[in-house]
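Trainee: Take this structure first; my questions come after.
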Amino acid sequence: MFDAVMMKLLGVGVAETLFMTLLSTLLAYAVGLPLGIVMIVTDKNGIRPRPLLNKVLDVIINILRSVPFLILMIVLIPFTRAVAGTTIGPKAAVVSLVVAAAPFIARLVESSIKEVDYGVIEAAQSMGASPMDIVRKVLLPEAKPSLIVGSAIAVTTILSYSAMAGIIGGGGLGAIAINYGYYRYETGIMLVTVALLVIIVQIFQDTGMRLAKKFDKRF
Amino acid sequence: MEKKQTIIELSKLGKVFETKDGSVSALENIDLQIYEGEIFGIIGMSGAGKSTLVRCINFLEKPTSGEVIFNGQGLSKLTEKELRAVRQSMGMIFQQFNLLMQRTALQNVCFPLEIAGVEKAEAKKRAEELLEIVGLSDKKNVYPSQLSGGQKQRVAIARALATKPKVLLCDEATSALDPTTTQAILALIKDINRRLGITIIIITHEMSVIEEICQRVAIIDNSKIAEIGTVEEIFTRPQSAAGRKFFFPGGAKTRELTGEQFIRVVFDGGNAYEPVIANMILECKAPVNILFGDIKNIDDRSFGHLVLQIPDDERTKERIITYLKRKNLAVEEVAGNV
């Protein structure tokens, strides 16, 4: 069962999973991080209150967060084709992963930044800091350890989503688990893919926590 | 005496907060002038509106009526950008210090300079000088979590002074500190006022802070200013109920004192080392009964008052009053209540 071909297949699976996870995380942060910051800044108690904009974004984020990923992937098929040029394989999976993860990341970022003491923001304002200064020099640096912990959560969540993408031909370890483990009853291969996923999650989570601790000067 | 220049003027200042349960008035009709170079205290019970008042001075809270005039400039007419520039000439320190936890002491002091666009090397040099002034040069690379409360407040003071402000606003700056540290921080603030000529506004609920360093004081009570005056004036003769509550805490209650004679002796800055009452007893050869007293020693001068019960004899009374007046003490006869 575990011949050279299978090993190569698993190797490709790991590579595809890592590719999907990391690229999706990166792109989802490119959208989610600014979105989270905008949510904080425009909050009614934020440094630039814009209640209407805040409410609209809030609703959009909630809608995207409430659609189950499996269904979101199917709904997004036309969009995926337009963006990635294909609806199967890791590249196509990245599109849905980004759409699903960005609002999730926005919420993570929002809650991390909310932990920053309001007094510190007020102090910065008393020194003549602009909202941009406050975001760049107060909110993000002060929330950094929490943001790193959040990113470990994000990356592991995206990893598990990427496995789901296997259902509609997304590639990676998830596809192998479904194709071999589920359709062909090869329990051994299923267990190996699960083990590999567990190991990858462990590595991401551990690295995240270690970095967060290293950067946190509060203790 | 040189003419006092007004640096901050509050005129008809009001602040109303809109809440779910209707509007709440935090400040009403505040008129206040703060002179250049003085240490001005604003005292009030919690909830009196003093924190809102100090935030209105640098427009962290926008007043809903009236005006703040800083250096001849009305703040309500300024754009956000102009306001930010003005704030750089008003430093502020807080009860909870509000340091950036992920920056070292030195980086904290550099922070306002970064915002002001000061070049990095120059900012670092200035920050080092400031840490020297507050006595923390050896802690410059330490993070706030490793500093004591007093040290954190010193860093905060250095940070507030970085942009060379004209005014330093202190919002309950010593309320989270123990008495010894409070003394040290107040001494530092006094020193900064003297050396750098910075006007200082101190918000506090502690009488002792006002006594220690303020020249003038405003008592704020129930969103309004109850009275303003020099610390001596208000100390010896508080006019408002709020003032009496602060200066004669618990003591100035009405008391049944009928059938005998009572006088109040007011100490407003005489030599603290002269045993006036003892000498009076010896000289007038009359016993007196001290019923109530509240005397504080400020800079080796006595402030406060004593209520004495004296013999029921007009001539003795005259003698006592004449003696005390000769010692430059104000004396008044009091009847049923103190």
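The values are calculated or read from the model by the stated rules, or taken from the named source; none is laboratory data. Note that the structure is predicted; figures quoted are calculated from it, not measured. Quick reminder, even Gly has a Cβ in these numbers, built from the backbone with ideal geometry, and neighbours come from all protein chains shown.
Trainee: Quick test for you: out of B:91, B:74, B:41, pick the one residue that is modelled with pLDDT of 90 or more and either closer than 30 Å to residue B:143 by Cβ or within 14 Å of another protein chain (Cβ to nearest Cβ) (or both).
Mentor: Exactly one of B:91, B:74, B:41 is modelled with pLDDT of 90 or more and either closer than 30 Å to residue B:143 by Cβ or within 14 Å of another protein chain (Cβ to nearest Cβ) (or both), namely B:91.
Trainee: Can you tell me which residue in region B:36-69 is nearest to residue B:166 (Cα to Cα), limited to those that are over 14 Å from the mean Cα position of the chain (by Cα) and in a strand (DSSP E or B)?
Mentor: The residue in question is B:69.
Trainee: Among the numbered conditions (1) of a type outside the set (D, E, K, R); (2) away from chain B (no Cβ under 14 Å); (3) closer than 28 Å to residue A:157 by Cα, tell me where residue A:52 comes up short.
Mentor: (3)
Trainee: Assess whether residue A:207 counts as being in contact with a helix residue (DSSP H, G or I) (Cβ under 8 Å, 6 or more places away or on another chain), under 24 Å from residue A:100 (Cα atoms), surrounded by 16 or more Cβ atoms within 10 Å (Cβ to Cβ) and among the hydroxyl-bearing types (Ser, Thr, Tyr). So that I can check it myself, show each step before the final result.
Mentor: On the way: in contact with a helix residue (DSSP H, G or I) (Cβ under 8 Å, 6 or more places away or on another chain): yes; under 24 Å from residue A:100 (Cα atoms): yes; surrounded by 16 or more Cβ atoms within 10 Å (Cβ to Cβ): no; among the hydroxyl-bearing types (Ser, Thr, Tyr): yes.
For residue A:207, the condition - in contact with a helix residue (DSSP H, G or I) (Cβ under 8 Å, 6 or more places away or on another chain), under 24 Å from residue A:100 (Cα atoms), surrounded by 16 or more Cβ atoms within 10 Å (Cβ to Cβ) and among the hydroxyl-bearing types (Ser, Thr, Tyr) - is not met.
Trainee: Next question. Looking at region A:126-146, which of its residues are surrounded by fewer than 22 Cβ atoms within 10 Å (Cβ to Cβ), part of a helix (DSSP H, G or I) and facing chain B (nearest Cβ under 7 Å)?
Mentor: The answer is A:133, A:137, A:141, A:144.
Trainee: Same structure, new question: Can residue B:140 be described as more than 9 Å from chain A (Cβ to nearest Cβ) and either within 26 Å of residue A:215 (Cβ to Cβ) or out of contact with any Leu (no Cβ under 6 Å at 6 or more places or on another chain) (or both)?
Mentor: On the way: more than 9 Å from chain A (Cβ to nearest Cβ): yes; either within 26 Å of residue A:215 (Cβ to Cβ) or out of contact with any Leu (no Cβ under 6 Å at 6 or more places or on another chain) (or both): yes.
In short, yes.
Trainee: Does region A:150-163 include one or more residues that are surrounded by fewer than 24 Cβ atoms within 10 Å (Cβ to Cβ) and within 9 Å of another protein chain (Cβ to nearest Cβ)?
Mentor: Taking every residue of region A:150-163 in turn, none turns out to be surrounded by fewer than 24 Cβ atoms within 10 Å (Cβ to Cβ) and within 9 Å of another protein chain (Cβ to nearest Cβ).
Trainee: Could you check how many residues of region B:1-35 are touching a residue at least 24 places away in the same chain (Cβ under 8 Å) and in a loop (DSSP other than H, G, I, E, B)?
Mentor: 2
Trainee: Touching a residue at least 12 places away in the same chain (Cβ under 8 Å), away from chain A (no Cβ under 11 Å), acidic (Asp, Glu) and out of contact with any Phe, Trp or Tyr (no Cβ under 7 Å at 6 or more places or on another chain), is that true of residue B:128?
Mentor: It is true that residue B:128 is touching a residue at least 12 places away in the same chain (Cβ under 8 Å), away from chain A (no Cβ under 11 Å), acidic (Asp, Glu) and out of contact with any Phe, Trp or Tyr (no Cβ under 7 Å at 6 or more places or on another chain).
Trainee: Restricting to region A:19-53, name every residue that is surrounded by fewer than 17 Cβ atoms within 10 Å (Cβ to Cβ) and under 14 Å from the mean Cα position of the chain (by Cα).
Mentor: Matches in region A:19-53: A:22, A:26, A:30, A:31, A:34.
Residue-by-condition table, conditions (1) acidic (Asp, Glu); (2) over 30 Å from residue A:208 (Cα atoms):
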residue	(1), (2)
A:3	yes, yes
A:10	no, no
A:16	yes, no
A:28	no, no
A:67	no, no
A:91	no, no
A:99	no, no
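Trainee: Take the residues in region B:163-183 that are of a type outside the set (S, T, N, Q) and surrounded by fewer than 16 Cβ atoms within 10 Å (Cβ to Cβ), then tell me which one is nearest to residue B:124 (Cα to Cα). If you could, list the steps in order and put the result at the bottom.
Mentor: Step one: filter region B:163-183 for residues of a type outside the set (S, T, N, Q), giving B:164-173, B:176-179.
If we keep only those that are surrounded by fewer than 16 Cβ atoms within 10 Å (Cβ to Cβ) as well, we get B:164, B:178-179.
Working: B:164: 15, B:178: 31, B:179: 32 Å.
Top of the filtered list is B:164.
Trainee: Residue by residue through region B:94-125, note down the ones that are more than 11 Å from chain A (Cβ to nearest Cβ) and surrounded by fewer than 18 Cβ atoms within 10 Å (Cβ to Cβ).
Mentor: B:119, B:120, B:121, B:122, B:124, B:125
Trainee: Do we have residue A:112 as in a helix (DSSP H, G or I), within 14 Å of chain B (Cβ to nearest Cβ), touching a residue at least 12 places away in the same chain (Cβ under 8 Å) and of a type outside the set (Phe, Trp, Tyr) here? Don't jump to the end; show me each part of the working.
Mentor: Values: in a helix (DSSP H, G or I): yes; within 14 Å of chain B (Cβ to nearest Cβ): yes; touching a residue at least 12 places away in the same chain (Cβ under 8 Å): yes; of a type outside the set (Phe, Trp, Tyr): yes.
Yes; evaluated as a whole, the condition is true for this residue.
Trainee: Here's a check for you: in region A:116-125, which residue that is among the small types (Gly, Ala, Ser) and at the interface with another protein chain (Cβ under 7 Å from one of its Cβ atoms) is nearest to the chain's Cα centre (by Cα)?
Mentor: So the residue we want is A:119.
Trainee: Pairs under 6 Å by beta carbon, first residue more than 14 Å from chain A (Cβ to nearest Cβ) in region B:168-192, partner among the charged types (D, E, K, R), six or more apart or different chains?
Mentor: Partner pairs satisfying both residue conditions: B:186/B:212.
Trainee: Output the residue which, of all residues in region A:62-90 that are in contact (Cβ under 8 Å) with a residue 40 or more places away in the chain and outside any helix (DSSP H, G or I), is surrounded by the most Cβ atoms within 10 Å (Cβ to Cβ).
Mentor: Applying the filter and picking the extreme gives A:87.
Trainee: Shifting gears a bit: Among the residues that make up region B:70-80, is at least one of them over 30 Å from residue B:136 (Cβ atoms), out of contact with any strand residue (DSSP E or B) (no Cβ under 6 Å at 6 or more places or on another chain) and acidic (Asp, Glu)?
Mentor: yes
Trainee: Working carefully through the options A:208, A:172, find the one that is farther than 17 Å from residue A:7 by Cα and at pLDDT 90 or above.
Mentor: A:208
Trainee: Let me ask you something else. So which residues in region A:111-134 are of a type in the set (Asp, Glu) and closer than 19 Å to residue A:148 by Cα?
Mentor: Passing the criteria: A:115, A:117.
Trainee: Within region B:8-31, restricting attention to residues that are of a type in the set (A, V, I, L, M, F, W, C) and crowded, with 20+ Cβ neighbours inside 10 Å, which residue is farthest from residue B:233 (Cα to Cα)?
Mentor: B:26
Trainee: Among the candidates B:105, B:116, B:85, which residue alone is free of Cβ contacts under 8 Å to residues at least 40 places away in the same chain and closer than 17 Å to residue A:127 by Cβ? Give the steps one after another, and end with the answer.
Mentor: Details: B:105 fails: free of Cβ contacts under 8 Å to residues at least 40 places away in the same chain; B:116 fails: free of Cβ contacts under 8 Å to residues at least 40 places away in the same chain.
Result of the check over B:105, B:116, B:85: B:85.
Trainee: Another question, if that's okay. Has region A:88-105 got any residue that is within 14 Å of another protein chain (Cβ to nearest Cβ) and either among the aliphatic types (A, V, I, L, M) or under 24 Å from residue A:47 (Cβ atoms) (or both)?
Mentor: Looking through region A:88-105, none of the residues is within 14 Å of another protein chain (Cβ to nearest Cβ) and either among the aliphatic types (A, V, I, L, M) or under 24 Å from residue A:47 (Cβ atoms) (or both).
Trainee: Restrict the check to region A:202-216 and report whether at least one residue is among the basic types (Lys, Arg), within 14 Å of chain B (Cβ to nearest Cβ) and assigned to a helix (DSSP H, G or I).
Mentor: Looking through region A:202-216, at least one residue is among the basic types (Lys, Arg), within 14 Å of chain B (Cβ to nearest Cβ) and assigned to a helix (DSSP H, G or I).
Trainee: Quick test for you: out of B:102, B:107, pick the one residue that is assigned to a loop (DSSP other than H, G, I, E, B) and over 17 Å from residue B:220 (Cβ atoms).
Mentor: The match here is B:102.
Trainee: Restricting attention to region B:247-280, and to residues there that are at pLDDT 80 or above and surrounded by fewer than 16 Cβ atoms within 10 Å (Cβ to Cβ), which single residue is farthest from residue B:327 (Cα to Cα)?
Mentor: Per the stated criteria, the residue is B:278.
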